[in-house]
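Undergrad: There's a structure below that I have some questions on.
What follows is calculated from the coordinates using simple rules that are stated; it is not laboratory data. Not measured: the values here are computed from a predicted model. Neighbour counts run over all protein chains shown; Cβ positions are idealised from the backbone, glycine included.
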Amino acid sequence: MIHFVLLIACAVAIYLSCEWFVNAVEWLGERLNVARMAVGTILAAFGTALPESVVTLVAVTTGGTEEAKNIGVGAAMGGPLALATVAYGVTGAMLLLKRRKDRATVRAAVGAGLSDGSAGSAALDESGVGTSADMRRLTKDQAWFLPIFVVKVALGLVAFAFKPALGLVFFAAYAIYFWREIRNNDESGEDEFLEPLKLQPKAASPSTGAVVAQTLAALVVIFFASQYFVQQLDAVGPMLGLSASVTALLLSPVATELPEIMNAVIWVRQGKTKLALANISGAMMIQATVPSGLGLLFTSWKFDSALLWSGLITMSAIVYLLLAMTAHRLTPTRLTAAAAFYALFVVGLVPILM
């Protein structure tokens, strides 16, 4: 019972620390004068991807056996899977809930005679996912991710002498992506409002020291709460009749991506959808490169059937999203449907593990 209580406590701690983190990281982006989108794709993504990146680093560098090192390989594959399916799905579901709430607000205003409903109805007719410019940016991110991920999976199926050295290529790929995002100043002009910094709620322009302190403090809580959450999940799994391998492949990846999911929930609630989506796509780029590079350098990077299946599902989910984006048909409902790919992964994993 204590593990379930601790599990809930960790989830609450992660959510509250994410509230403080997204509040601080927006101010940090303003202080560093980075593009608004880069706040999500670089600053927020780097912070929230830290827990799972550390899991991979520790596993591949200190694992005493090949099996122990393969935990890092599993984390490197599980992260993108959870982001491409569950994280996007939760974001879509939050957008649907927000749309329903907005419609109720419009109806209440019309009923009270405060509005004729025309402006609200026009706004609600939009997809609610983002502008054309936002979709182009998101499409470009996913178009970067997909070929890198395909190469990542392909390398898990072959063996050759210089394969470990290719880990450096993955680091270089992220460096290029990082430079592109930081230099990109193409902004749509929305989401400019910054809420007061929680450490200095009465200050119109908080001090840089307070911004940095809040950012780092929130990251520390996110890091340790995420690690403890995974530990409790490992203990709860057997209580629910799940084997260690099932827990590691099905639940742990979702747990390690909880900060990104929480950030998306918070930003969608605040009406900052593009930051929510940017955080997920930016974290996916980190997961496709940095943990992969570490895995290639320090392990044999050899995939079994379960890892290959996770890779195929991840690629399928991204292809689905890319098709919807390029056709300008990405709606909250279609975004929510991305979570169905995770259900497909679960169904296909059962016969593999039996």
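Undergrad: When you count, for each residue, the other Cβ atoms within 10 Å and take the mean per peptide, how do 344-351, 152-159 rank with the highest first?
TA: In descending order of packing, they fall as 152-159, 344-351.
Undergrad: May I ask for the angle, rounded to the nearest 10°, between helix 66-82 and the longest principal axis of the chain, with both axes built from Cα atoms and the value confined to 0 to 90°?
TA: With both axes taken from Cα atoms, the answer is about 30 degrees.
Undergrad: Points 7 angstrom from Cα along the Cβ direction at THR131 and THR208: gap in nanometres?
TA: Inter-label distance under the simple model: 2.9 nm.
Undergrad: Give the order of ILE266, ILE280 when sorted by the count of other beta carbons within 10 angstrom, beginning with the fewest.
TA: ILE266, ILE280
Undergrad: Rank the residues MET354, MET315 as a footprinting-exposure proxy: fewest other Cβ atoms within 10 Å of their Cβ go first.
TA: Fewest-to-most Cβ neighbours within 10 Å comes out as MET354, MET315.
Undergrad: Here is a follow-up. In which sequence would ILE286, ILE71 go, from the one with the fewest C-beta neighbours within 10 Å to the one with the most?
TA: With the fewest neighbours first, ILE286, ILE71 line up as ILE71, ILE286.
Undergrad: Moving on to the next point. Rounding to the nearest 10 and keeping the result within 0 to 90°, find how far the Cα-based axis of helix 305-326 lies from the longest principal axis of the chain.
TA: It is inclined by approximately 30 degrees.
Undergrad: Please report how far the C-alpha centroid of the stretch 8-42 lies from that of the stretch 282-329, rounded to the nearest whole angstrom.
TA: If we compute the Cα centre of each part, the gap is 24 Å.
Undergrad: Let me ask another. Which one of ALA82, ALA218, ALA203 has the biggest mean-square fluctuation once the chain is modelled by GNM with Cα springs under 10 Å?
TA: Looking only at ALA82, ALA218, ALA203, the largest GNM fluctuation is found for ALA203.
Undergrad: Kindly state, to the nearest 0.05, the FRET efficiency for GLN227 paired with LYS101, given R0 = 25 Å and r defined as their beta-carbon distance.
TA: 0.15
Undergrad: Sorted by mean Cβ packing within 10 Å, highest first, what order do the peptides 175-184, 9-18 take?
TA: Going by the mean number of other Cβ atoms within 10 Å, highest first, we get 9-18, 175-184.
Undergrad: Please check: in the Gaussian network model of the chain (C-alpha springs, under 10 Å), which one of PHE298, PHE149, PHE162 has the largest mean-square fluctuation.
TA: PHE162
Undergrad: What distance in nm separates the simple spin-label points at GLU195 and LEU216, each placed 7 Å from Cα in the Cβ direction?
TA: 2.4 nm
Undergrad: Let me ask something additional. What's the local net charge at PRO80, with K and R +1, D and E -1, over the other residues with C-beta under 13 Å away?
TA: -3
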